[in-house]
Amino acid sequence: MRLGVITLFPEIFQALHYGITGRAIERQLLQVDCINPRDYATDRHQTVDDRPYGGGPGMVLKAPILQEAVKAAKAKAGPLAKVCYLSPQGQRFNHQHAANMVTTGGLILVCGRYEGVDERFIETQVDEEWSIGDYVLSGGEFAALVMIDAMARLLPGALGDEGSAAGDSFFAGILDYPHYTRPEVYEGQAVPDVLLSGNHEAIRRWRLQQALARTYQRRPDLLEKTVLTPEQEAVLNLVKGRGEEK
Ligand code: 9D3
């Protein structure tokens, strides 16, 4: 997957050289090219922003400079690459969107700073607008990192022993079950017996029951959107029947 990132802070994307994203880059499953709009400024102060028409606080990124940066990004990621502007006004990004994006050839993520970008840049150069959630960030860079991390995990071959993307998609609609490791007793709390039983089928059923119970209690909204297998449906009905019980 080839990603262009337009950012005034390219150093932030060094964070991708750690962990699973780092390995995906090493294995050339993922290529990230940062383009700094500053390099496309034309005046001697290398200005990228200006005061908002109509007044008000802050600064706005200039459309012609961002356009040149997009042109440079398309030269690397391909002319058909989708241009995505990251902003609080965008569509809320989720696991399904990540899965769709990894299948769409090249992708260019435009990170805003200050109050944002000139609206005419969005109208004329941007294909999609994305948000990662309802909280205020200082710019698009950390949102881009979140989206890239979510996408990199879905690239074939990106995950080693740390898990499987199939497991991720399975649990994208259902919360994880609880995990335990040594010691067997910690702060007076023992590991659930079933996990020590060696009975793999009983362990699988217990984990499924735990995952569904947590989802029902903490994120019932997820269950409305997720298509469950007949077994999951049956276990969920048992969980619901148990009501307030832990
Ligand atoms: C404090 C400024 N706000 C005035 C109402 C508007 C505003 C401008 C720019 C709020 C945030 C930002 C910067 N945010 C992003 O670039 C951003 C973002 C976010 O803030 N939340 C969730 N997803 C994203 S994606 C990009």
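The values are calculated or read from the model by the stated rules, or taken from the named source; none is laboratory data. Predicted model, so just to flag it, every value in this text is computed and none were measured. FYI the Cβ positions are ideal-geometry reconstructions off the backbone, even for glycines, and counts take in every protein chain you see. Ligands, DNA and RNA are stripped out before the accessible areas are found, and what is left, the full protein with its side chains, is counted by its heavy atoms. Shrake-Rupley method; radii C 1.70, N 1.55, O 1.52, S 1.80 Å.
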*Top mean-square fluctuation among E115, E233, E184, Gaussian network model of the chain, C-alpha springs under 10 Å?*
E184
*Taking amide H positions as placed in the peptide plane 1.01 Å from N, state which residues far from I6 in sequence (5 or more) or on other chains have amide H under 5 Å from it.*
I35, L109, V110, C111
*For the stretch 19-54 and the stretch 86-133, what is the separation of their C-alpha centers, rounded to whole Å?*
15
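Taking only the Cα atoms of the stretch 167-242, how large is their convex hull per residue, in Å³? Working shown, then result.
On the way: hull volume 8.7 nm³, N = 76.
Spelled out: Cα convex hull of the stretch 167-242, divided by residues, is 114 Å³.
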*Residue-normalised accessible area of the chain, given per residue in Å² at a 1.4 Å probe*: 60
*Of P156, Q31, W130, which is farthest on the positive side of the dipole of the chain, counting Cα position, with +1 on Lys and Arg Cβ, -1 on Asp and Glu Cβ, and the Cα centre as origin?*
P156
*Cross-link reach list, lysines versus K82, counting only Cα pairs under 30 Å and skipping chain neighbours closer than eight places*: K62, K71, K74, K225
_DSSP-defined antiparallel bridges as percent of all bridges, the chain, nearest 5_ = 15
*What list of ³J(HN,Hα) couplings, whole Hz, do you get for the stretch 53-68 from phi and the Karplus terms 6.51, -1.76, 1.60, once you set θ to phi - 60° and write x for glycine and proline?*
4, x, x, x, x, x, 10, 10, 6, 7, 4, x, 6, 5, 4, 5
_the chain - Rg and Dmax from Cα coordinates, angstrom_ = 22.7, 72
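The chain: longest stretch without exposed chymotrypsin sites (Phe, Trp or Tyr not before Pro) (DSSP loop, at most 13 other Cβ within 10 Å), sites themselves excluded?
No qualifying site falls inside 54-134, the longest such stretch.
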*Portion, in percent, of the accessible area of the stretch 2-152 that falls on carbon or sulfur, probe 1.4 Å*: 50
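Mind checking the stretch 1-62 for trypsin sites (Lys or Arg not before Pro) that DSSP puts in a loop (not H, G, I, E or B) and that have at most 12 other Cβ atoms within 10 Å? Write down the numbers at each step before the final one.
Numbers: sites: R2, R23, R27, R38, R44, K62; in loops: R27, R44, K62.
Those that pass, being in a loop and sparsely packed, are R27, R44.
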